[in-house]
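Structure first, commentary second.
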């Protein structure tokens, strides 16, 4: 039986390892037709024309603004081949290049990732949740690379578009692949689960995020739970014991279940000390034993991310002593809680990559413990739907108790933060509003003082990373 992509869905054949697969083998795998050099070898795949590397297979897909087929001729200067829709008329490929035509390039792309993932002898560890996914994924990969040949999805390429390219670009010798799986709508994690079939599935906290696309939090939880059906029965499920939304997950799998967090959990942090911007320290207690650790990343939420990764790491063969010793070497990914020290004793907590209500609350709790004047630069939180106004006002009320000066960035929803803060007692003359990052930079340059500690956090689309860059350039 052939599906919409034109490939055999009942008996897919992965004829060669993808990292050295001929264009002809790609065409036969997905049931496509080929023009050009049949024997040209592809290595890795990419959907973003800007990220094409020499030898890649470019997947031409319709984009938000431009159809990817427009970029095929240019990408073939570096790419070995392109996967295109069969009804698109393109000129013949250059010498030693190929075009593979299918009815549905997206479905064919997912087929390639599925078959590549399944043919390998590696183990797959999948990380999902609402907050801390990328950091926990990075922590786990860092732990495992000292034990086995480890690959991991890069950055936040965790979607049905980005993650398959990460799978197809892994080294052939990879023994374990750590994948971050994200979603905005129902069905997306079901698709990723069918591609990955994880040996280990780790959940960070599930909190209000992407609620614009769901009628209730129950819908968000069910969408996150879609991965459970794809976890191997002989695998391991790692859940957060402090998150009541995960309470029923253990009944939905035949896999071994490990919990982390609370005092009754399988994995815990004992005698935990919060050292402010110096991080946390305490005792890592895992099922196999205990060991002291120091994590140099600030925030109790980072300690929780470390505990989650440590629980998974031990389940995948690491010793508790080795995991604890690696805590000291953990670093934050760019714009995800990085501490920056500038001139005039100014400190930035750069958490500008993204934001959700729970993540902002945790960041404000960290800011409240800092010395000097505490400045919160908060951008809007996107994809909250009908809950957006109330969520932004709630953050404003927290601001009044946790900081000394507020700068909101954005339009309608940022005003809700300001309104909530002033209503909760923050003096109006210490609350500022800027429409965009450029205006925010100008405001900060006018109001910053020696010794300030600045939290910068907002949804990615607000562009607060530009504020961080400008401050570093001007005061670094």
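So here's what we get for this one:
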item	result
Index of the failed condition, residue 137 passing every other in (1) surrounded by fewer than 24 Cβ atoms within 10 Å (Cβ to Cβ); (2) not in a loop (DSSP other than H, G, I, E, B)	(1)
Helices (runs of 4 or more DSSP H) (entirely within region 372-476) containing at least 2 residues that are under 30 Å from residue 183 (Cβ atoms) and more than 27 Å from the chain's Cα centre (by Cα)	412-423
Among (1) within 22 Å of residue 465 (Cβ to Cβ); (2) in contact with a strand residue (DSSP E or B) (Cβ under 8 Å, 6 or more places away or on another chain), the one test that residue 323 misses	(1)
Residue in region 369-386 that is surrounded by the fewest Cβ atoms within 10 Å (Cβ to Cβ), counting only those that are within 17 Å of residue 417 (Cβ to Cβ) and in contact with a strand residue (DSSP E or B) (Cβ under 7 Å, 6 or more places away or on another chain)	374
Every residue from region 54-106 that is in a strand (DSSP E or B) and surrounded by fewer than 18 Cβ atoms within 10 Å (Cβ to Cβ)	62, 67
Given (1) at pLDDT 95 or above; (2) out of contact with any helix residue (DSSP H, G or I) (no Cβ under 7 Å at 6 or more places or on another chain), number of the condition residue 411 does not satisfy	(1)
Residues (within 18 Å of residue 74 (Cα to Cα) and assigned to a strand (DSSP E or B)) located in region 34-50	35, 36, 42, 45, 46
Candidates 140, 161, filtered to the one that is over 18 Å from residue 306 (Cα atoms) and in contact (Cβ under 8 Å) with a residue 60 or more places away in the chain	161
Top-ranked residue of region 359-368 - restricted to ones that are within 22 Å of the chain's Cα centre (by Cα) and buried (at least 18 other Cβ atoms within 10 Å of the Cβ), ranked as farthest from residue 389 (Cα to Cα)	366
Strands (runs of 3 or more DSSP E) contained in region 257-346 and holding at least 2 residues crowded, with 18+ Cβ neighbours inside 10 Å and assigned by TED's automatic domain parsing to the domain that holds residue 144	267-274, 280-286, 289-295
Boolean, residue 212 is within 20 Å of residue 116 (Cα to Cα) and surrounded by fewer than 17 Cβ atoms within 10 Å (Cβ to Cβ)	no
Tally of residues being farther than 20 Å from residue 384 by Cβ and in contact with a strand residue (DSSP E or B) (Cβ under 7 Å, 6 or more places away or on another chain) across region 457-472	4
Region 219-256: number of residues that are touching a helix residue (DSSP H, G or I) at 6+ places or on another chain (Cβ under 9 Å) and either assigned to a helix (DSSP H, G or I) or not assigned by TED's automatic domain parsing to the domain that holds residue 137 (or both)	15
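Quick grid of which residues meet (1) touching a residue at least 12 places away in the same chain (Cβ under 8 Å); (2) surrounded by fewer than 21 Cβ atoms within 10 Å (Cβ to Cβ); (3) outside the structural domain of residue 343 (by TED's automatic domain parsing); (4) in contact with a strand residue (DSSP E or B) (Cβ under 6 Å, 6 or more places away or on another chain):
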| site | (1), (2), (3), (4) |
| --- | --- |
| 418 | yes, no, no, yes |
| 423 | yes, yes, no, no |
| 427 | no, yes, no, no |
| 434 | yes, yes, no, yes |
| 448 | yes, yes, no, no |
| 453 | yes, no, no, yes |
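The values are calculated or read from the model by the stated rules, or taken from the named source; none is laboratory data. This one's a predicted model, so the numbers in the text were calculated from it and none came from an experiment. Here Cβ is always computed from backbone atoms with ideal geometry, including for glycine, and neighbour counts include all displayed protein chains.
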